[in-house]
Amino acid sequence: MSENSPLLLMKGIVKQFPGVRALDGVDLEVLPGEVHCLLGQNGAGKSTLIKTLAGAHQPDEGTITLGGEPVRLSSPIAAIRLGISTIYQELDLVEGLSVAENVFLGHEPARLGFVGQGEANRATRALLARLGHGEIRPTTQVGRLSPAARQVVSMARALSHDTRLIIMDEPSAALAHDEVDNLFRIIRELTAQGVAVVYISHRLEEIRQIGDRVTVLKDGRTVAVGLPAKDTPTRQIVSLMTGRNVEHVFPPRRDGPATGEEVLRVEGLTVPGVFADVSFAVRAGEIVGLAGLVGSGRSEIIEAVYGARRFSGRVVVEGRPVRRGGTTGAVRLGMGLAPEERKAQALLLDQSVTRNISLASLGRYSRFGWLDRRREAEDARALVETLDIRPPDPDRPVKTLSGGNQQKAVLARWLLNGRKLLLLDEPTRGVDVGARAELYAVIRELAEKGVGVLLVSSEVPEVLGLADRVLVIREGTIIHQADAGDLDEHRVLDMIMEGSAL
Amino acid sequence: MESAKGPVEAAESPAANAKGPVEVVKPSADERGRGEASGHRSAGRPGWPARLGEVPHLGLVAALALLAVVGLVTVPDSFATGSNLVSILALAATIGVITVGATFVIIGGGIDLSVGAVMALASVWATTLATQSYGPLVMIVCAVLVGAGAGLVNGWLIAYGRLVPFIATLAMLVAARGLAQRMSDRKTQLVQQGNEMIVELSTTRLLGLPLLVYVFALVVVAGWVVLNRTTFGRRTYAVGGNPEAARLAGIDVRRHTVWLYALSGLCCGIAAVLIMARTTTGSSTHGDLYELDAIAAVIIGGTLLTGGRGSIVGSILGLLIFTVITNLFILNGLNTSDQLIAKGLIIVVAVLLQRRSLRSST
């Protein structure tokens, strides 16, 4: 293998999920010893691509070549055996085990079934020293380590296999600045030894610093291959990431500024270490968007407003304050939340669409606790019809619906009991482009009926297209506020990625 | 991407159907077709064997029928007699009442190991000389209150003390048993003269069945109604199936948890009354290992131990299967050790079969 023949070559990778074509013909070429950056907005297909590389997903179409040989990554173990290690965004360490036990989890040095713990400890010490972290003791419980140290352990685990390619999914997200420098030092040492790194980050500055070449994904496709990381203009990268022309799918805004009553007022809202001194207001009939990166604090702000998180500061709904740390009160005050993790936080997957819709309004259908199931079914059916939830069968278990239709069921839940304020956290995540337009229309309709909407999305065009007013958040602070019409995607992306307000 | 055209057309189409509370732009025809294709009902109507599989609890009923056939073949003279059926039901009644409560707790995502011990404590408390001096009605109220009280403590420890249900109810199991021993001084307490009304629950018959079987039936029906027809039942499924979703939908998950364990305790109190009726005693040794029988019955009945799914009818069928097996072993003169082995096998087989049917239905 010559110096410049690619280590990894992926061609025409397609991955179809129910309702979503996550990868729609992705190409990726990684050279040995390079740091190859993968860029793309949320939903562009980065995670799916990584999981395909890690052997967690099987592609429906396309070929993968590793070191010149075609390979099939049929399982995570198969990928590891071929020398591909993955460090996931949420570190996958066992907190109750020691550092060495974690490093060698699944491939413990063993004789006759007895783990050679001494040997594992020695090997771990050597790996940690190679990573420049000799101070981490192999016998320490991982649960006691700092996030940065855990990152190092994850990396030691990747290196404990005979690794040719390491995939790092937002490795800097949990790290402080000086720790990022150390991460970069380690990456440079690895690449000097010929290991290739696929590096995923939202932070352009990091990519400039550490990256060699950049591949950009958009809507499940590769839109640019092998751009030089150091000197491709930001403007070009951003427009590659966003190039899609989505304006048309958004329903028209109402003219003029919102004049409704103030439904939500947030003053000096702070959750220590996450965000600080956040203040804003939402009027009836107004959609306010929060734009920011994952980890910027936008989801946490929504959770705090909903009372699902302890906070300091004041949250007032129609003049009445929200109690900290109790969602029952928030619902009583007229708030509704469509959370980010639809399946984990909003839906009763095994149960019918009807029961999912009525969950927050059971009180309306009961007299002395007795449920009026006919009225419940009638209302659910009407909502399935108006929101055009497909298939139009309210008795079907909600888990058999596509992402967009599941999200409609969540919206239907809050439509049912007349909310004053809706909090929407990534309402179109995992929803395919077609169904998005319908969701946007539903959300706009709600606002026109006088509901105040607070919207969080990591897709800037979505915030700009749907919201009346936009708050730009970076690292827990609102750095800019403006009417959506006065902003454009490039400027907002510049602000949230580089921090250069205005 | 071809589909990218869909939404544009959808948004531009002038449709705005004014139905119900919200007007929504209807999608274009090709959008609609795509949505339906992604559903999975495209494969035509299922044939009758598949539809038969949708009859709830069919497997359990079949197992029960099979056991009846075994009974009719092996012990034809004694199995199908009225007195034997009565004894099966009377045997099932006590644990049956407990099983109803356990079904609620388990659907709600918890577990209650303390049921047998709480029942024993309630029976002892209700048969102390002091309680007995107030007459049978006070005894009944006492048993029910003691049971519900212990359940409240369980629920409070789990919901607000943040103890794992397994640990909290394990502690209650040990402590309630100990308290029962202390109150009774480890002696069996007889139901005194003048309080025979309690015992009459077992001896008085209506239409050939002792009254306690009617109490059992009443609890089952009440449990079914609460679980399937009230907001409490609906919330129980929600809290067990996805506590986070329930919380974010505005349900007070912790308060609901307290009520679930209180309900289980209440059932233990009622069961204590039934066991006093059957044995004419209150004792700290009553209800030993009832928790295992109750949990096994719930599991055989198809309730998920992880919560969110299950039914009262299934639990009762599971319990009846257990009881009939016991009955068959006794009638055939087989020893109790073999009976335990058989029960163990049944638990495993039942869960394996259910897992298969679960997978095929998703």
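The values are calculated or read from the model by the stated rules, or taken from the named source; none is laboratory data. Keep in mind it's a predicted model, so treat the numbers as computed, not measured. Backbone-built Cβ (ideal geometry, glycine too); neighbour counts: all protein chains shown.
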Task: Output for segment A:377-406, where each listed residue is modelled with pLDDT of 90 or more and farther than 16 Å from A:R355 by Cβ - done: A:E385
Task: Residues (part of a helix (DSSP H, G or I) and buried (at least 24 other Cβ atoms within 10 Å of the Cβ)) located in segment B:267-289 - done: B:C267, B:C268, B:G269, B:I270, B:A271, B:A272, B:V273, B:L274, B:I275, B:M276, B:A277
Task: Index of the failed condition, A:S458 passing every other in (1) more than 13 Å from every other protein chain (Cβ to nearest Cβ); (2) buried (at least 24 other Cβ atoms within 10 Å of the Cβ) - done: (2)
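Looking for whichever is assigned by TED's automatic domain parsing to the domain that holds A:N182, at pLDDT 85 or above and surrounded by 12 or more Cβ atoms within 10 Å (Cβ to Cβ) here; the options are A:A110, A:A120. Which one fits?
Working: A:A110 fails: at pLDDT 85 or above.
Every option except A:A120 fails the conditions.
So for segment A:128-138 (the condition being among the small types (G, A, S), under 28 Å from A:L53 (Cβ atoms), assigned by TED's automatic domain parsing to the domain that holds A:I186 and surrounded by 19 or more Cβ atoms within 10 Å (Cβ to Cβ)), does at least one residue qualify?
Start the filter on segment A:128-138 by keeping residues that are among the small types (G, A, S), which leaves A:129, A:132, A:134.
Next, only the ones that are under 28 Å from A:L53 (Cβ atoms) stay: A:132.
Of the ones still in play, those that are also assigned by TED's automatic domain parsing to the domain that holds A:I186 are A:132.
This time we only want the ones that are surrounded by 19 or more Cβ atoms within 10 Å (Cβ to Cβ), so: none.
No: zero hits.
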TODO: Of the numbered conditions (1) in contact with a Gly (Cβ under 9 Å, 6 or more places away or on another chain); (2) in a loop (DSSP other than H, G, I, E, B), A:G55 fails exactly one; give the number of that condition.
DONE: (1)
Open item on the list: Need the failing condition index for B:E291 against (1) modelled with pLDDT under 95; (2) within 14 Å of chain A (Cβ to nearest Cβ), just the number.
Closed with: (2)
Open item on the list: B:S133 - would you say it is in contact with a helix residue (DSSP H, G or I) (Cβ under 8 Å, 6 or more places away or on another chain) and of a type outside the set (V, I, T)?
Closed with: no
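Considering only segment A:92-107, how many residues are within 27 Å of A:G194 (Cβ to Cβ) and modelled with pLDDT under 85? Before the answer, list the steps.
Going through segment A:92-107, the residues within 27 Å of A:G194 (Cβ to Cβ) turn out to be A:92-93, A:99-100, A:102-107.
When the remaining residues are screened for being modelled with pLDDT under 85, the result is A:92-93, A:105-107.
Residues meeting the conditions: 5.
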TODO: For segment A:464-476, enumerate the residues that are of a type in the set (V, I, T) and within 19 Å of the chain's Cα centre (by Cα).
DONE: A:V472, A:I473
Open item on the list: Here is a list: A:L446, A:L464. Which entry is more than 13 Å from every other protein chain (Cβ to nearest Cβ) and either of a type outside the set (S, T, N, Q) or part of a loop (DSSP other than H, G, I, E, B) (or both)?
Closed with: A:L464
TODO: Note down all Cβ pairs under 7 Å where the first residue falls in segment A:68-91 and is closer than 21 Å to A:G194 by Cα and assigned by TED's automatic domain parsing to the domain that holds A:S47, the second is exposed (fewer than 13 other Cβ atoms within 10 Å of the Cβ) and at pLDDT below 90, and they're at least six residues apart or on different chains.
DONE: A:G68/A:M1; A:G68/A:S5; A:G83/A:D162
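Scan segment A:331-343 residue by residue and report those that are within 19 Å of A:A412 (Cβ to Cβ) and at the interface with another protein chain (Cβ under 8 Å from one of its Cβ atoms). Steps first, please.
Initially, segment A:331-343 is screened for residues within 19 Å of A:A412 (Cβ to Cβ), giving A:331, A:334-343.
Those that are within 19 Å of A:A412 (Cβ to Cβ) and at the interface with another protein chain (Cβ under 8 Å from one of its Cβ atoms): A:V331, A:L337, A:P339.
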Task: Exclusive hit being surrounded by 19 or more Cβ atoms within 10 Å (Cβ to Cβ), on the phi < 0 side of the Ramachandran plot, of a type in the set (G, A, S) and touching a Gly at 6+ places or on another chain (Cβ under 6 Å), set A:A229, A:A156, A:A173 - done: A:A229
TODO: Give me a count of the residues in segment B:68-118 that are farther than 19 Å from B:V146 by Cβ and not aromatic (F, W, Y).
DONE: 34
Task: Top-ranked residue of segment B:163-202 - restricted to ones that are among the hydroxyl-bearing types (S, T, Y) and touching a strand residue (DSSP E or B) at 6+ places or on another chain (Cβ under 9 Å), ranked as nearest to B:V273 (Cα to Cα) - done: B:S202
Task: Complete set of residues in segment A:413-443 that are more than 10 Å from chain B (Cβ to nearest Cβ), in a loop (DSSP other than H, G, I, E, B) and not charged (D, E, K, R) - done: A:P427, A:T428, A:G430, A:V431
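Given the criteria over 14 Å from A:V216 (Cα atoms) and either touching a residue at least 12 places away in the same chain (Cβ under 8 Å) or in the same structural domain as A:L159 (by TED's automatic domain parsing) (or both), does A:L49 qualify? Steps first, please.
Numbers: over 14 Å from A:V216 (Cα atoms): no; either touching a residue at least 12 places away in the same chain (Cβ under 8 Å) or in the same structural domain as A:L159 (by TED's automatic domain parsing) (or both): yes.
Answer is no for this residue.
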Open item on the list: For segment B:50-119, give me every one of the helices (runs of 4 or more DSSP H) that falls completely inside it and has 3 or more residues that are of a type in the set (S, T, Y).
Closed with: B:82-107
